[in-house]
1. Sort out which residues of region A:44-60 are surrounded by 19 or more Cβ atoms within 10 Å (Cβ to Cβ) and in a loop (DSSP other than H, G, I, E, B), and write them in order of number.
2. Would it be correct to say that B:Thr108 is surrounded by fewer than 17 Cβ atoms within 10 Å (Cβ to Cβ) and within 14 Å of another protein chain (Cβ to nearest Cβ)?
3. Out of everything in region B:47-59 that is out of contact with any helix residue (DSSP H, G or I) (no Cβ under 8 Å at 6 or more places or on another chain) and within 12 Å of chain A (Cβ to nearest Cβ), what residue ends up being surrounded by the fewest Cβ atoms within 10 Å (Cβ to Cβ)?
4. Pairs please, first residue from region B:78-98 and over 16 Å from B:Glu66 (Cα atoms), second anywhere and assigned to a loop (DSSP other than H, G, I, E, B) and of a type in the set (S, T, N, Q), Cβ atoms under 7 Å, 6+ apart in sequence or on different chains.
5. Which numbered condition in (1) in a loop (DSSP other than H, G, I, E, B); (2) within 14 Å of chain B (Cβ to nearest Cβ) is the only one that A:Glu63 fails?
6. Quick check: anything in region B:63-70 buried (at least 19 other Cβ atoms within 10 Å of the Cβ), hydrophobic (A, V, I, L, M, F, W, C) and touching a Phe, Trp or Tyr at 6+ places or on another chain (Cβ under 6 Å)?
7. Kindly check whether there is at least one residue in region A:1-17 that is surrounded by fewer than 16 Cβ atoms within 10 Å (Cβ to Cβ), charged (D, E, K, R) and either in a helix (DSSP H, G or I) or without any contact (Cβ under 8 Å) to a residue 40 or more places away in the chain (or both).
8. Identify, from the list B:Thr30, B:Thr12, the residue that is free of Cβ contacts under 8 Å to residues at least 40 places away in the same chain and loosely packed, with under 13 Cβ neighbours inside 10 Å.
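What follows draws every value from the coordinates through simple rules; no lab data is involved. As the structure is a computational prediction, the values presented were derived from the model and not from experiment. We place every Cβ from the backbone using ideal geometry, glycine too, and count neighbours over all the protein chains shown.
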Amino acid sequence: GAVVSQHPSRVICKSGTSVKIECRSLDFQATTMFWYRQFPKQSLMLMATSNEGSKATYEQGVEKDKFLINHASLTLSTLTVTSAHPEDSSFYICSARDGTANQPQHFGDGTRLSIL
Amino acid sequence: AQSVTQPDIHITVSEGASLELRCNYSYGATPYLFWYVQSPGQGLQLLLKYFSGDTLVQGIKGFEAEFKRSQSSFNLRKPSVHWSDAAEYFCAVTNDYKLSFGAGTTVTVRA
């Protein structure tokens, strides 16, 4: 149980393109979903937290107009990287949690974004 | 503020040998602690968690971890390592909805 599906697994696109990444909880309802960014050989950096039906909460230093997050249902959250540039190239990982605040987060397999 | 320290950046261990990964946390109240494993190019998989109760917790893939409040530690152990255990391991703590991760420990398994 507790499977999180993230799609696509890899994206290569030109600078200026907007890219959408989907995160789905397959067998549970995710009241909260999280978006992380991971640089090579580094730990995960939380970008934002989204609760179903409400606006996402962004971490300090994360541009909310650059990284649009939508959490329209209890099983789907999307991250859109708008007008992507090479510096946005990274590994993006989503996670989802059901129930109470201290339950484990379950992670997707990540999306490797490469902007040319 | 909560924080997690993983003192070992990289550990190399022989297949069949025991493994211990260190994790120290800083948090004022009783923490909720997790160990996750990440294979290259993949997301994170939960190995085990500690909320309360028995301080020795069993996880998947033969891993266990021991919570020691006096040492603010939550070290991960495995008695006999398999080549498939080569990966990045992250210790994490949460007190509300946010996870704070350690920097990670890379485990290399040699034949």
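1. Scanning region A:44-60 gives a single hit, A:Ala56.
2. Details: surrounded by fewer than 17 Cβ atoms within 10 Å (Cβ to Cβ): yes; within 14 Å of another protein chain (Cβ to nearest Cβ): yes.
Considered against the rule, which asks whether it is surrounded by fewer than 17 Cβ atoms within 10 Å (Cβ to Cβ) and within 14 Å of another protein chain (Cβ to nearest Cβ), B:Thr108 comes out as yes.
3. So, considering only residues that are out of contact with any helix residue (DSSP H, G or I) (no Cβ under 8 Å at 6 or more places or on another chain) and within 12 Å of chain A (Cβ to nearest Cβ), the one surrounded by the fewest Cβ atoms within 10 Å (Cβ to Cβ) is B:Ser52.
4. B:Ser80/B:Ser18; B:Ala87/B:Ser39; B:Thr94/A:Asn102; B:Asn95/B:Gln2
5. All conditions are met except number (2).
6. Step one: filter region B:63-70 for residues buried (at least 19 other Cβ atoms within 10 Å of the Cβ), giving B:63, B:65, B:67.
The next check asks that each one be hydrophobic (A, V, I, L, M, F, W, C); those that pass are B:63, B:65, B:67.
From what is left, the residues that are touching a Phe, Trp or Tyr at 6+ places or on another chain (Cβ under 6 Å) are B:65, B:67.
There is at least one residue in region B:63-70 that is buried (at least 19 other Cβ atoms within 10 Å of the Cβ), hydrophobic (A, V, I, L, M, F, W, C) and touching a Phe, Trp or Tyr at 6+ places or on another chain (Cβ under 6 Å).
7. Checking region A:1-17: not a single residue is surrounded by fewer than 16 Cβ atoms within 10 Å (Cβ to Cβ), charged (D, E, K, R) and either in a helix (DSSP H, G or I) or without any contact (Cβ under 8 Å) to a residue 40 or more places away in the chain (or both).
8. Working: B:Thr12 fails: free of Cβ contacts under 8 Å to residues at least 40 places away in the same chain.
Exactly one of B:Thr30, B:Thr12 is free of Cβ contacts under 8 Å to residues at least 40 places away in the same chain and loosely packed, with under 13 Cβ neighbours inside 10 Å, namely B:Thr30.
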